[in-house]
Structures are given as structure tokens and as C-alpha cells.
Ligand SMILES: NC(=O)c1ccc[n+]([C@@H]2O[C@H](COP(=O)([O-])OP(=O)(O)OC[C@H]3O[C@@H](n4cnc5c(N)ncnc54)[C@H](OP(=O)(O)O)[C@@H]3O)[C@@H](O)[C@H]2O)c1
């Protein structure tokens, strides 16, 4: 197991963290996500320690506090002190029915941490994270409460979850104290939004990114995808709860590619997806979740896999192609674009024609270069996009002339088109605008 230092702190953790969201058996959404009892969680913590994991991530709200309780019981049963296993928890979500039993106000933070410490059975937590922003409370009040907890010795380091780039900058402007270390973010082959802004701001301020739902809630394992099983009847969280939400049409080609690479390496798709994340510059530690020991064993072995550059490129290309298709789909769903698809190209680049050219650009731009990969992706998408390709195929004059114009046009359209223009199509064709 490799280790890394979190942000500008002196906090060293394993590159894989054990996620405790499946620990305990709460009500509501936790019935779909969690369910593990004391013996199961203790066995999983023991396995993680044996493989070199030194951080568990839980939260006050997971299974209404039962996750923290199970973590505490496992640490006691296995005799693990902080030299063997560190604990990260969170505060922000509702913990009771009262008006101050939710959010990031001083009262809720200070009371919740006391409860968390009792459940975990220690006199401090190693990392206390804000589970999200709370727009109703001044950020300065929240950060001051965290600072007090650090001074009292009840919290070693503090972090955030799901902060945007702007929120990170704001928090940094209020306090740049060295114990502020992390931002937990959702990042996976199915969702790379983090790469746009958050990663850059985190790098600038030396804030470590801890990755949650690295397998898109299990979807990247392939068991829920019609592509791999011929059906999508696998039992598990995603059969009942779409969390984190994904666009299956867009993610299925990625799962297909994961299977192909996994077969070559004689590993599992989950291991390839996790190894891809471990190799990303933005990633500090990946929080692996599991429903049983077999899944955990599978996931922990990802730390032993190195993907070859061409395998990374294949994954990057399929993600870029899938993203292009979803942008096309969104553009084609707009009334103006439907008109554009049936009209002749016009000399005046306005209205429907603008939209038509954007669609043409994206299709011809990726089609000529990535060929089969894009073909597979497009086949898994809706009829509208296929109709666009047929149009492009027929209009050879458009193919010849569309590229340069369309790049410029894309920039003049709405924000979706702008992201289309800045799309990295597998590094093969970078727009100049
Ligand atoms: N800060 C936040 O806002 C936030 C949000 C979410 C999570 N988190 C943290 O991130 C951790 C991981 O999140 P996550 O549970 O969503 O991660 P994930 O890896 O995307 O999904 C984990 C789920 O996928 C399935 N799975 C995992 N490994 C598998 C394997 N090898 N083979 C087959 N199925 C497998 C299991 O569910 P099934 O067996 O039911 O399919 C497992 O519970 C959580 O424990 C939590 O600590 C933080």
C-alpha cells in the first residue's frame, strides 16, 4: 500500500481509505446502501488493516449514527489505536428533529462532535469534514467552531466535502490554517467534473482531494450494465437507488471498455476503474466502499495494478466520446437544433444553422479520428444522434468545410456548446478557441 500526505497537513494516509457508508443498518436510503452488522464490519476493518489501510471514513448521519458506532466497536474489538487506524467523520446532515439538529451552525457542530466521539470510542477524530456547505450559516462561524475543536484537541485536522472551487477559495481566504487539509469529491470514470475547476483550485491551495463513489455506486463493476450481463437485474444498491445518479447510455460504453481492459490484465473492471483513479494527478486517496469482504478484497487489490499509458488513453477516449455524444444529445433536444437538422446549410450563420454546424463539428471531428470507439458509443445513444451522423455522412461538402467554422460557432453558443468546444477528444483534436 502506498501512502500520501493530505494537503498541507502532516497527515499521512493510505492511498485507499475504507468507506464506512455500508456499516450499520439504518432506515430510509440507508436500507439500500448499508446493512452490515458488527461481525461483518469488524472483519472488513481487519482485512483493510492487514492490507495497509490506515484511514476509515464515516459520518454522523450514516445509518443514523450506526456507522460510527460500528467503527468504534471494530476498533475496540481489534485493539486498533490511531497508530494503526485513523478515523475521519463528518457533520452537516440532520441528526435529530430539532431546528439546531442540522447544518453547520456552532451549536450543531459542537454537540455532534461530542456524540461522534462517544460512538467512535476515542477522545478525538483525526479528520472532521463538513459534509456540504450550509448557505444559512456564515462560513466564518463554521470555520471558527472547527478551529475551536482543533484547539480543544477533539479534532486533529479539518476538511470539507463537495465544496465547489469558489467555496474552497472562500474558505481559504478566511482561514489558511495548516490543519485544513481536504475536500471530498465525487470523481470516477463516470463523472469527471472535478477536473474542470476544483482540481486546479485544490492544487493551488494544497488541498487534498479524497474521492468518494469511485465506482459510481457499483455501476463501474459492470454488474448493473446490460452491456456485460445481458440484463440489469443485479441485486445491490443501484437496483433500488440511483446514487450517485448516472446517465446509463453514456456510462455503458465506459463499462464495456473497462471489461475489455480487465480481461487483458486478468483483473476485474472494478480494479481497473480504481487503478485509473489512483493514477490521476488530482487524486490523493480513494475511498473504497464495499458490501462484503469479497468486494473489499477485490477493491484493495487495485493498489497493485498499474495501467499502461495506452490503456489510460483508451479510457480517456471513450469518456470523451461518451461526453461528446451526451452534449450532442442535449443540443439535438433543443427545438432550434431539430429545425437545423432538416434545413439546408445557410450562408448566414444564425439560428438553426449555427446549431446544425455545432452538431456537424462534433460528429465529424470525433468520427474521423477515433472511429470504432465512437461508433460503439454512438450506437448506445438515442436515435437523434444517429440521425445527425447519417446527415454528416451524406454531406461530404459539410465534412470538408465544417471544422474551422464550427469551432468558432461553438464558442458563441450557450454554456453547453462552450464545453463542447473545449472538449478534449482524446487529445486528438484540441479546439483553438
Ligand atoms: N462526502 C460525501 O458526500 C460522500 C458521499 C458518498 C460516499 N462517501 C464516502 O465514499 C465511500 C465510498 O462511496 P460508495 O460506497 O458510493 O463507493 P462506490 O465504490 O462507488 O460504491 C460502493 C458499492 O459498490 C458495490 N461494489 C463495490 N465494490 C464492488 C466490487 N468489487 N464488486 C461488485 N460490487 C462492488 C457495493 O454495492 P452493492 O453490492 O450494493 O452493489 C458497494 O457498496 C463511502 O463509504 C463514504 O465513506 C462520501
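For the range 212-225, the criterion of a residue being more than 10 Å from the ligand (Cβ to nearest atom), modelled with pLDDT under 95 and assigned by TED's automatic domain parsing to the domain that holds residue 47 is satisfied by at least one position.
Annotation for the range 57-65: at least one member residue is at pLDDT 95 or above, part of a strand (DSSP E or B) and closer than 27 Å to residue 151 by Cβ.
Return yes or no: is residue 103 within 16 Å of the ligand (Cβ to nearest atom), in a loop (DSSP other than H, G, I, E, B) and more than 18 Å from residue 161 (Cα to Cα)? Break it down stepwise before answering.
Values: within 16 Å of the ligand (Cβ to nearest atom): yes; in a loop (DSSP other than H, G, I, E, B): yes; more than 18 Å from residue 161 (Cα to Cα): no.
Judged against the criteria, residue 103 is not a match.
The residues of the range 17-35 that are within 11 Å of the ligand (Cβ to nearest atom) and part of a strand (DSSP E or B), listed by number, are 17, 18, 19, 23.
Which of the residues that make up the range 284-299 are in a helix (DSSP H, G or I) and near the ligand (Cβ under 6 Å from one of its atoms)? I'd like the intermediate steps shown before the answer.
Within the range 284-299, the first condition is being in a helix (DSSP H, G or I), and the residues that meet it are 293-299.
Within the range 284-299, 295, 298, 299 qualify.
Taken residue by residue, the range 53-75 has no member that is touching a residue at least 60 places away in the same chain (Cβ under 8 Å), over 23 Å from the mean Cα position of the chain (by Cα) and buried (at least 22 other Cβ atoms within 10 Å of the Cβ).
Which of the following residues is more than 29 Å from residue 41 (Cα to Cα) and in contact (Cβ under 8 Å) with a residue 12 or more places away in the chain: 136, 128? Matching residue, one of 136, 128: 136. Only one of the numbered conditions (1) away from the ligand (no atom under 12 Å from the Cβ); (2) under 22 Å from residue 306 (Cβ atoms); (3) in contact with a strand residue (DSSP E or B) (Cβ under 6 Å, 6 or more places away or on another chain) is violated by residue 257, and that is (3). For residue 251, the requirement of being at negative phi, modelled with pLDDT under 95, more than 8 Å from the ligand (Cβ to nearest atom) and surrounded by 20 or more Cβ atoms within 10 Å (Cβ to Cβ) is met.
Within the range 268-282, being in a loop (DSSP other than H, G, I, E, B) and surrounded by 20 or more Cβ atoms within 10 Å (Cβ to Cβ) holds for one residue alone: 268.
Can you tell me which residue in the range 123-138 is farthest from the ligand (Cβ to nearest atom), limited to those that are under 15 Å from residue 102 (Cα atoms) and out of contact with any strand residue (DSSP E or B) (no Cβ under 7 Å at 6 or more places or on another chain)? Reasoning before the result, please.
Let us first name the residues in the range 123-138 that are under 15 Å from residue 102 (Cα atoms), namely 129-138.
After this cut, where a residue has to be out of contact with any strand residue (DSSP E or B) (no Cβ under 7 Å at 6 or more places or on another chain) as well, the list is 133-138.
Numbers: 133: 12, 134: 14, 135: 17, 136: 19, 137: 18, 138: 22 Å.
Filtering first and then ranking leaves 138.
Check 43, 84 and return the single one that is outside any helix (DSSP H, G or I) and touching a helix residue (DSSP H, G or I) at 6+ places or on another chain (Cβ under 8 Å).
Details: 43 fails: outside any helix (DSSP H, G or I).
Result of the check over 43, 84: 84.
Determine whether the range 193-205 contains at least one residue that is under 23 Å from residue 292 (Cα atoms) and free of Cβ contacts under 8 Å to residues at least 24 places away in the same chain.
Initial filter on the range 193-205 (under 23 Å from residue 292 (Cα atoms)): none.
No.
The values are calculated or read from the model by the stated rules, or taken from the named source; none is laboratory data. From a predicted model like this one, the values you see are computed outputs, not experimental measurements. Cβ sites come from the backbone with ideal geometry, for glycine too, and all protein chains shown count toward neighbours.
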